[in-house]
1. Over the chain, what is the percentage of antiparallel beta bridges among all DSSP beta bridges, to the nearest 5?
2. Over 32 Å between C-alpha atoms is what I'm after, so list which of LYS202/LYS382; LYS201/LYS370; LYS376/LYS485; LYS49/LYS370; LYS311/LYS485 land there.
3. List the residues, sorted by chain then number, that are 5 or more residues from TYR191 or on another chain and whose placed amide H is less than 5 Å from its amide H.
4. Whole number please: convex hull volume per residue of the Cα set in segment 214-307, in Å³?
5. Rolling a 1.4 Å sphere over the protein heavy atoms, what is the accessible area per residue of the chain, to the nearest Å²?
6. Rounded to the nearest 5, what % of DSSP beta bridges with both residues in segment 260-406 are antiparallel?
7. What stretch of the chain, leaving out the sites themselves, is the longest with no GluC sites (Glu not before Pro) in a DSSP loop having at most 12 other Cβ atoms within 10 Å?
8. Quickly work out the GLU351-to-MET115 label distance, labels modelled 7 Å from Cα along the C-beta direction, and quote it in nm with one decimal.
Amino acid sequence: MSRLDSDALESDEIDLDPQDWDEFASLAHRAVDDMVEFLRTVRERPPWKPLPERARADLIQPLPRSSSDLASVYETFRESVLPYPTGNIHPRFWGWVMGTGTADGVLSEMLAATMNSHVGGWDQSAYVMERQVLRWLAEMLGYPTSASGLLVSGCTAANLTAVAVARRAMAELDVREEGLAGPGRPRLRVYGSAETHSWAKKCCDLLGLGRQGFRLIAVDSRGAIDLDQLRATLHADRAAGDRPICVVGNAGTVNTGAFDDLEALADLCVEENLWFHVDGAFGALAALVPELEHLVRGLGRADSVAFDLHKWGYLQYEVGCVLVRNADLHRETFAMPADYLRTPGRGIQPEALEMTELGVQLSRGFRALKVWMLLKTHGVDKLGQVIAQNVEQARYLASRVEREPHLELLAPVPLNLVCFRYVGKDLAEDQLDDVNQEILLRVQEGGIAIPSSTRIDGRFALRVANTNHRSRRKDFDLLVDGVLKIGAELEVEMGVEREEAVLASV
Ligand SMILES: *Cc1c(COP(=O)(O)O)cnc(C)c1O
């Protein structure tokens, strides 16, 4: 076909780019301005409000068959999506364990989306950057920088990746080729405290060990794993013909922020020939604070570590990290041997697609950019200072709770988690769970703050998990004042109800 012919055909071919780049640019600039304003004014709005019917109706719509104007699609986003987030970017959001996100994170997400790199490997900047970021993260935690690693969607995926390596390394079976089942084969067992996050059972289920393959060990009064019980359970399981493969140490439990004695667990795993994995979803980052470093002592000896950057790394969802000390074992767990054959040493794919041989994903995005921008922009020292500030704020909240006669602290505060409840004046123990549940809902619905809840020794607790770089001490005062006010109102309402009941009965 001549050049002229192909030019003539051009108008028949379509793509998904804007018809008018200038128009796109002005919409994009407006969107950037709107997003900056949204972030700048976050404190002026309540942390959360329910999604109204009108917005819900805008979202539940038939499949669009034809095109619409991008500007009008953006308008629907602005009116019906943007105003109704989970709320974790707000300075008084402390529910579950959620990250706040950073302004540089907003920018890096846009930059990464523009490049849209596939970070499986290849001779490209994003690949080199992810490898570098992984070395930095290892160094931050005091973990060997020779370790292998991978950025993944979050700590559940990171833990799953690590325990898959443990299974491959310790099963003494060719699980990759033959699977787990077979006559005379032992049941594989993984151990961790009763405070271990729910990922562990999901993981054992997915890896074919079954949920029962995760053996729950009791904790002491500080929420740390009971080493004697761990040893006894290991030995009993071996005597029964099972094969223990891995111990999970917790660096910051999800309920109370408790730390297992990682040094002792590392020793035990050497003695017992077990894989030592640390779940440090948020707590591992205590390593950045000199006064807290002792909590993670022993983490550097683990065979693998999993942690999140979208929690206490303050970054946008989704990004977690797994580090594995033995790079060969890591690769052997996921690599497909045929891939090794194609390594020409030059061109766009000079080597095997390294990153795809270290985890479940084949296609992978450019998660490293936001981590790189966070670390470069703020520096590790400042991150450590903000983490230390969160811990100091948690202590501040705990001390206010302890000073208030109508409040009760329900667990020690080793880190950034505070569990407490309203006890009031005249309330009986059997009323407290219901009263505190109602207080929680009114605090959330009233737009005061978003704590979540848990049970501590069977008692309903308001739970504040502070991984929020925007919080200030005065925000915790607002929470305490709100809980006291709502608690007092509830006591009055309950008193009126009692009187009415008495009146009705005469
Ligand atoms: C949040 C959390 C996880 C799970 O991490 P995701 O990033 O939500 O997948 C695992 N362990 C602990 C202790 C956690 O707090």
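1. Expressed as a percentage, antiparallel bridges in the chain total about 60.
2. On the way: LYS202/LYS382 35 Å; LYS201/LYS370 30 Å; LYS376/LYS485 44 Å; LYS49/LYS370 29 Å; LYS311/LYS485 30 Å.
LYS202/LYS382; LYS376/LYS485, as the Cα separations exceed 32 Å there.
3. ARG215, CYS246, VAL247, VAL248
4. Working: hull volume 8.6 nm³, N = 94.
It is 92 Å³ per residue.
5. Details: 25130 Å² over 506 residues.
Normalised by residue count, the accessible surface of the chain is 50 Å².
6. Values: 5 of 8 bridges.
For segment 260-406, the DSSP antiparallel bridge percentage is about 60.
7. Working: sites that count: GLU13, GLU172, GLU291.
Longest run free of exposed loop sites: 292-506.
8. Distance between label points: 1.8 nm.
The values are calculated or read from the model by the stated rules, or taken from the named source; none is laboratory data. Predicted, not measured: the structure shown is a model, and the values here were computed from it. Counting neighbours? That spans all protein chains shown, and the Cβs are built from the backbone with ideal geometry, glycine included. Accessible surface areas use protein heavy atoms only, side chains included; no ligands, DNA or RNA. Shrake-Rupley method; radii C 1.70, N 1.55, O 1.52, S 1.80 Å.
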